[in-house]
Each structure stands twice: as C-alpha cells, then as structure tokens.
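So the structure is just underneath, and the comments pick up after that.
The values are calculated or read from the model by the stated rules, or taken from the named source; none is laboratory data. Please read these numbers as outputs of a predicted model, since none were measured by experiment. In this analysis, Cβ positions are derived from the backbone assuming ideal geometry, glycine residues included, and neighbour counts consider all displayed protein chains. Each accessible area value is taken on the protein alone, full model and side chains, heavy atoms only, with ligands, DNA and RNA left out. Shrake-Rupley method; radii C 1.70, N 1.55, O 1.52, S 1.80 Å.
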Amino acid sequence: MTYIEELFSLKGKTALVTGASRGLGHGIAQALLGAGADVILVSSNEERLESAAEAFRSEGYGPTTYRCDLTDRDELAGLITHVEQHHDKLDILVNAAGTTSGHPVFDYPDEDWDNTFRIHTDAPFMLARGLGKLMGENGGGAIINITSINAERGFPGNPAYVAAKGALKQLTKALALDMGPHGVRVNNIGPGYFKTDATQASWNDPERREQRAQRTILGRWGDASELAGTVILLASDASSYITGQDIYVDGGWLARGM
C-alpha cells in the first residue's frame, strides 16, 4: 500500500451510518465499505435496511445492521448500548438520516416540526454524546454530520428543515470544540441537490429539475457517489487537522452569484 493509499484507507476502522438504507446515507455507507471500513447500517425501516445490507453483501462486503427509530430516545439509548456491547470500538459516526416535510408556514404541523428536529438535531447530538465518549476512550475518531445548503440559505415552505439544518451546522462547531481534547474531530458535509427519494418530486418535474440544475455552477444535480471523496477524506487520517468545518458538495450552488 502506498503512502497515499494508506492515508485514505479505512481498513480496520468501524463506522456507523444512520439513514443507511437509501439515498445519501446508502451512498455514504457504500463509500466507507469501499475504503475498507466495517460498517454498521442504521435505519428505522427494517425491510429497507435488510435489503440494503443484502445488496452490499452481494458485492462482497459484510455490513451489520441495527434498526432504530431516531425520534425515540429509548431506541437511541439502545443503539448506543448495542455498539458498546457488540463492537470493540467505533472510529467513525455519520449522521446522515433525514426527513423533510413541506407545508405553508401558517399551517405547519407541530408534529412535523418536532420530528424534523428530533432526526436532524436531537439524534446527532445524542449519538455524538454517547458514541463520541466511546471514541475518545479508544484514541479518538471522526464524526460527520450531513447538513445541507439549507443551513446557509432559506428555502420556501419548509421552515423546520431549514432551521434544523442550521442548528446542526452550529451544533457541529460546539461538538468539535468540546470533543477536540478527546481526539474526536467533528465536521459537516452540506449537500446541494442530489437525486434521492427525498427530492423525487422535484426531479420528476422537468421545470423544477432544470431550475435547480441552473442554480449550480456545474449546471446539474449531484449523484450520491459524488459524496464519496469528501466522506472518505473526513473519515480518514487524511483530514487529521480538520475539525469544526463546513464542506459544501453542491456543484457551486452557494458560490454562484449572477
């Protein structure tokens, strides 16, 4: 193995990815597996979770799975206990699970507001608090939170999502400061528009699809595989001096002016 290969290798590392049964979480899990990590796939949907695991196994990987409803604090505690009892260590935590629920602001349901924050903000904090301690006790690790360009820009009709992603962005900076002395690095990846189940409605509308493509510098949507390089960078020793940062993988959406 060359120096560069070793620098980016995740061989011998254990990672946990929430939201791993589909979308960006699935793509992130695939990237980590491909770089050599042992990966724990987490999702609230058991059927999709097992389907994703079987697909990975057919490619020669050996992920494990754990079903967890991230809106339930007791189940989150159970996930943390499971990792402590069944895995020698944890090196990488990726909080990729997400939900989105658009409604007019004056009719926005309390339940959707609460669930959005539970998944995007509460769960990442509780998992970082519980599993970050385990990382610190075993020499450190990397936490990657998946935010969004919505952490920087207001989008219409979905105040909970925009607010929760903004909160997660700042939570990451607080966690980086508090966990740095324990050898745990914490960073954000902020995706732009990617074709996933969550964005299917926009993708299926030719006008909206083109509008979003033209907001980027590259003139197109992203593919989940295009997060792989950034994920591996932040999960590996190649980023040993990077913490508390926001890296946007958005085709240039945020940088574009006129």
Seminar exercise, completed: In the neighbourhood of R185 defined by beta carbon distances under 13 Å, the net charge of the other residues (Lys, Arg +1; Asp, Glu -1) is -2
Seminar exercise, completed: When all Cα-Cα pair distances of the range 1-105 are considered, the percent exceeding 16 Å is 58
For this session: First select every other residue whose beta carbon is under 12 angstrom from the beta carbon of K13; then total the charges, Lys and Arg +1, Asp and Glu -1.
Result: -2
Problem set entry | Tilt relative to the chain, helix 46-58 - C-alpha long axis, 0 to 90 degrees, to 10 | 60
Seminar exercise, completed: Answer in debye to the nearest 20: the dipole magnitude of the chain about its Cα centre, from +1 Lys/Arg and -1 Asp/Glu charges placed on Cβ, is 760
Exercise. Loop-only check: which GluC sites (Glu not before Pro) in the range 1-105 are DSSP coil with at most 12 other Cβ within 10 angstrom?
Worked result: E59
For this session: Beyond 18 Å, what share of the Cα-Cα pairs of the range 120-258 is found? Please give it as a whole percent.
Result: 58
Problem set entry | the range 31-178 pair-distance distribution - Cα-Cα, 10 Å bins, rounded % | 11, 36, 36, 16, 2
For this session: Evaluate the charge dipole of the range 174-250 about its Cα centre and quote only its size in Debye, nearest 20, assuming +1 on the Cβ of each Lys and Arg and -1 on the Cβ of each Asp and Glu.
Result: 140
Seminar exercise, completed: Ranking N204, P159, G192 by how far each Cα lies towards the positive end of the charge dipole of the range 59-209 (+1 on Lys and Arg Cβ, -1 on Asp and Glu Cβ), the top one is G192
Exercise. How long are the semi-axes of the ellipsoid equivalent to the range 202-258, from square roots of 5 times the Cα gyration tensor eigenvalues, in whole Å, largest first?
Worked result: 28, 14, 7
Problem set entry | Distance between the range 52-93 and the range 1-46 - C-alpha centres, whole angstrom | 12
Exercise. Where does the charge balance sit around G222 when Lys and Arg score +1, Asp and Glu -1, over other residues with C-beta under 11 Å from its C-beta?
Worked result: 0
Seminar exercise, completed: Averaged per residue, the 1.4 Å probe accessible area of the chain, protein heavy atoms only, in Å², is roughly 49
Exercise. Taking a temperature of 4 °C and a viscosity of 1.567 mPa s, what whole-number D in µm²/s does Stokes-Einstein yield for the chain with Rh from Kirkwood over alpha carbon pairs?
Worked result: 70
